[in-house]
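Undergrad: Pasting in a structure now, in structure tokens, and then I'll have a few things to ask.
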Number of protein chains: 2
Amino acid sequence: METTTQIISKQELLNHWIGHRALTRKVIDKFPENDFFEFSIGGMRPFAKLVTELLAIGAPGIKAIVERSASTFNEEAATFTTKADYLAAWDAATDAITRDWDGVKEEQFEEMFNLFGQYNFPVLQNILYFIDNEIHHRAQGYVYLRALGIEPPFFWDRY
Amino acid sequence: METTTQIISKQELLNHWIGHRALTRKVIDKFPENDFFEFSIGGMRPFAKLVTELLAIGAPGIKAIVERSASTFNEEAATFTTKADYLAAWDAATDAITRDWDGVKEEQFEEMFNLFGQYNFPVLQNILYFIDNEIHHRAQGYVYLRALGIEPPFFWDRY
């Protein structure tokens, strides 16, 4: 067991992620219904598809880590036809992450885990990937909104 | 002093950031010279301007935290006219961050610091902002590259 002063607690990391999730929710909500499903630049996926990816990773990833399960990556389960359904799924996923977070133990962060049966990394790396990947795809949403002439939320607006 | 098992060490957080910086360098390098300075979507800044912002934040931010200095945000010092100069500045900044990181003490992460005389947050929040903001702006670069018909590097390519 390390006895050094910790630079970030497990709770702080969750709060950080939940703040990002609040911002991502605002970005989803800024899209006009049809553009959410159809608008794209340079052959990239529309924002709905990117959100499907995020939904298939975040909450299912934490659940798999807690249960040490060999569940597979499943975008089908996170595919919807209305923005309202995406927003509801986003909120449910945020609740699930918050609830399941207790089950991820501090000492587990350095343990290897083969996420979705294919990403074999320390749990810490997997969780940082969830957050970074959300920031990355959300930023693509920012560009889509700007291209549509819509002002995106401020980057620091995580409430 | 906390004695809980830490979920991420100071060194691991640096490694994580340095990995992201390696990827950002690759994204800069993918841009054709003129597009780096001129291409934009929806009235956003060209990628060179976004990199100027990142250069004005990362290394100067860590230096200010270590020296507890009241230095101000200065984009002038990080404005260049060729992509080669930006890449050289990027490498110098990565070296400076790596060198100065030793000076950020574990117990300092929870201390309030008024970065650039205007962002008064715990040091941890400031540093996470540096990294998140880099991921965010780099992702805009990904969209620019796709719009230019150029394949960006893989998101996991941090070496």
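Bear in mind these aren't lab numbers, they're just calculated from the coordinates by the rules spelled out. Since the model is a prediction, treat every value here as computed from it, not as a measurement. A quick note on method: Cβ atoms are made from the backbone with ideal geometry, for glycine too, and the neighbour counts reach across all protein chains shown.
Undergrad: Counting only residues that are in contact (Cβ under 8 Å) with a residue 12 or more places away in the chain and either at the interface with chain B (Cβ under 8 Å from one of its Cβ atoms) or not in a helix (DSSP H, G or I) (or both), how many does region A:130-143 have?
TA: 7
Undergrad: OK, next. Which of the residues that make up region A:109-129 are closer than 25 Å to B:Val27 by Cα, more than 9 Å from every other protein chain (Cβ to nearest Cβ) and of a type in the set (Phe, Trp, Tyr)?
TA: Result: A:Tyr119, A:Phe121.
Undergrad: Which condition from (1) closer than 24 Å to A:Asn15 by Cα; (2) at the interface with chain A (Cβ under 8 Å from one of its Cβ atoms) is the one that B:Arg146 breaks?
TA: (1)
Undergrad: Out of region A:72-91, which residues are touching a residue at least 40 places away in the same chain (Cβ under 8 Å), crowded, with 16+ Cβ neighbours inside 10 Å and of a type outside the set (A, V, I, L, M, F, W, C)?
TA: Hits for region A:72-91 are A:Lys83, A:Tyr86.
Undergrad: Of all residues being within 14 Å of chain A (Cβ to nearest Cβ), of a type in the set (A, V, I, L, M) and in contact with a His (Cβ under 9 Å, 6 or more places away or on another chain) in region B:36-58, which is nearest to B:Val123 (Cα to Cα)? Just the residue, please.
TA: Selected residue: B:Leu54.
Undergrad: Do you know which of the residues in region A:6-35 that are surrounded by fewer than 18 Cβ atoms within 10 Å (Cβ to Cβ), farther than 30 Å from B:Thr5 by Cβ and more than 16 Å from the chain's Cα centre (by Cα) is nearest to the other protein chains (Cβ to nearest Cβ)?
TA: A:Pro32
Undergrad: Filter the helices (runs of 4 or more DSSP H) completely within region B:1-114 down to those with at least 3 residues that are among the acidic types (Asp, Glu) and on the phi < 0 side of the Ramachandran plot. Quick ask: steps written out before the conclusion?
TA: Details: elements: B:10-30, B:33-38, B:47-67, B:83-100.
Here the list reads B:33-38, B:83-100.
Undergrad: Find the residue count for region B:27-46, including only residues that are more than 18 Å from A:Tyr144 (Cβ to Cβ), of a type in the set (A, V, I, L, M, F, W, C) and touching a residue at least 60 places away in the same chain (Cβ under 8 Å).
TA: 3
Undergrad: Of all residues in region B:92-114, count the ones that are surrounded by 15 or more Cβ atoms within 10 Å (Cβ to Cβ) and either within 23 Å of B:Gly19 (Cβ to Cβ) or acidic (Asp, Glu) (or both). Don't jump to the end; show me each part of the working.
TA: If we filter region B:92-114 for residues that are surrounded by 15 or more Cβ atoms within 10 Å (Cβ to Cβ), which is where we start, we get B:93-94, B:96-98, B:100-101, B:104, B:106, B:108-110, B:113.
Imposing the further condition that a residue be either within 23 Å of B:Gly19 (Cβ to Cβ) or acidic (Asp, Glu) (or both) reduces the set to B:93-94, B:96-98, B:100-101, B:104, B:106, B:108-110.
Qualifying residue count for the region: 12.
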